[in-house]
Amino acid sequence: MPATTMSAGATSRRMGSSMPTIDVGGAQVAYAEAGSGETVLLLHSSTSSGAQWRSLTEVLRTRWRVLAPDLYGYGQTGQQTDPACSSLADEAALALAVARNAKRIHLVGHSYGAAVALRFAVEQPERLLSLTLIEPVSFHLLRHAPEGTTEHRLFREVAELAADVTQAAAAGHGRRGMMRFVDYWNGAGAWTRLRPDVQSMLAQQAPQVALDFRAAMTDPTRLEALREIAAPTLILRGSASPWPTRRIAALIALILPNVRFRTIDGAGHMLPLTHREPVNDAIGDHLSRSAMTRQRPAA
């Protein structure tokens, strides 16, 4: 869902100049915009902001119009009117509002943002020119797996992590919850290697991360519904990522009708930041392939 390397990006976004905003259900949603051409909408992970996409934006802006919003509770975007009722559908509505002036879009999401992108694709398949999912934390796709299966075990593993973060946040022990969270996604000891100011920032985000977990685990979408997503889709995962997200990526790749699936060797869950070049190249190539396919005359 998140990453330690994202923290700097989230901090700089909050400290930097203000961005354009739109009102979505009473919340002010901030987004960055660059370039021109077909619209590419980028959705970030938990504990981050649209700032995580700066490197990719620089690559794409010469050919595409790039929009990078801050999702609810992150960066310069406020909370929902009732954050306790937040869902992937609400986040997908935020994405739709930000892309309101584009008839069709290329949609890219990482981690929690990829779970939001998948929900958007289920609801609005006709709006997609292409879809890119990087390690989607669509844990709900594991929820109904029969007991005793690998998928059931992986859902239990994530549920335990979510419970630890949620209980720690509710008790006012955000630092304890986020230590568990960061070490799960980045390896044992990752938390202790963070600067104290970054630890403090992440501790404050524990309640929002708990909400993200609930949204990602309780969404009603099932695997079968993904068959209706006809847009060309690229799925990326890291070979060293936690097993739940690697398995989710594989399950989605098995069911989508028009998919390319790639594993980045040596990468973990934060591959858009730790392996920028191969990830950015793969996304740029996917967008170009989509455009070329649509421009090719019918036989």
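Every number here is computed from the coordinates shown, using simple stated rules; none is lab data. A quick note: this is a predicted structure, and the numbers were derived from the prediction, not measured. When we count neighbours, we look across all protein chains shown, and the Cβ atoms used for this are built from the backbone with ideal geometry, even at glycine.
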Mean ellipticity per residue at 222 nm, deg cm²/dmol - from DSSP H runs of n ≥ 4 across the chain, formula -39500 (n - 2.57): -13500 deg cm²/dmol
- prompt: Excluding GLY25 itself, what net charge comes from residues whose Cβ is under 14 Å from its Cβ, given Lys and Arg +1 and Asp and Glu -1?
  reply: -3
message: Tell me whether segment 4-295 comes out rounded, prolate or oblate; compute the Cα gyration tensor, take square roots of the eigenvalues as a ≥ b ≥ c, and use a/c under 1.5 as the rounded threshold.
response: rounded
query: Could you give me the ³J(HN,Hα) list for segment 123-134, computed from phi with Karplus coefficients 6.51, -1.76, 1.60 and θ = phi - 60°, whole Hz, x at Gly and Pro?
result: 7, 10, x, 6, 7, 9, 8, 7, 9, 10, 10, 10
message: If neighbour count is taken as other Cβ atoms inside 10 Å, put HIS110, HIS286, HIS173 in order from fewest to most.
response: HIS173, HIS286, HIS110
- prompt: Among TRP191, TRP243, which comes first, then next, by fewest other beta-carbon atoms within 10 Å?
  reply: TRP243, TRP191
- line: Phi angles of segment 217-231, converted by Karplus (6.51 cos²θ - 1.76 cosθ + 1.60, θ = phi - 60°) into ³J(HN,Hα) in whole Hz with x for Gly and Pro, give 9, 10, 4, x, 5, 10, 3, 4, 5, 6, 4, 7, 8, 8, 4
message: Expected output is a single nm value to one decimal: the length gained when fully extending between ASP265 and ARG61, i.e. 0.36 nm times separation in residues minus the C-alpha distance. What is it?
response: 70.7 nm
query: Amide H to amide H under 5 Å from ASP219: which residues, 5+ apart in sequence or cross-chain, H placed 1.01 Å off N in plane?
result: HIS140
- prompt: About the Cα centre of the chain, what is the dipole size in debye to 20, counting +1 per Lys and Arg Cβ and -1 per Asp and Glu Cβ, all else neutral?
  reply: 540
- line: Expected vector for segment 164-171, Karplus 3J(HN,Hα) from phi with 6.51, -1.76, 1.60 and θ = phi - 60°, integer Hz, x for Gly and Pro, equals 5, 5, 5, 5, 5, 5, 5, 8
query: Could you give the dipole magnitude of segment 69-197 about its Cα centre, charging the beta-carbon of Lys and Arg +1 and that of Asp and Glu -1, in debye to the nearest 20?
result: 240
- prompt: So, in Å, what gap is there between the alpha-carbon centers of segment 190-232 and segment 127-164?
  reply: 11
task: Can you tell me the dipole magnitude for segment 205-276 around its Cα centre, using point charges on the Cβ only (Lys, Arg +1; Asp, Glu -1), in Debye to the nearest 20?
output: 180
- prompt: If you add up the charges near GLY35, with Lys and Arg at +1 and Asp and Glu at -1, over every other residue whose beta carbon is less than 11 angstrom from its beta carbon, what do you get?
  reply: 0
- line: 1/(1 + (r/R0)^6) with r = Cβ-Cβ of LYS103 and THR218, R0 = 45 Å, i.e. FRET efficiency to nearest 0.05, evaluates to 0.90
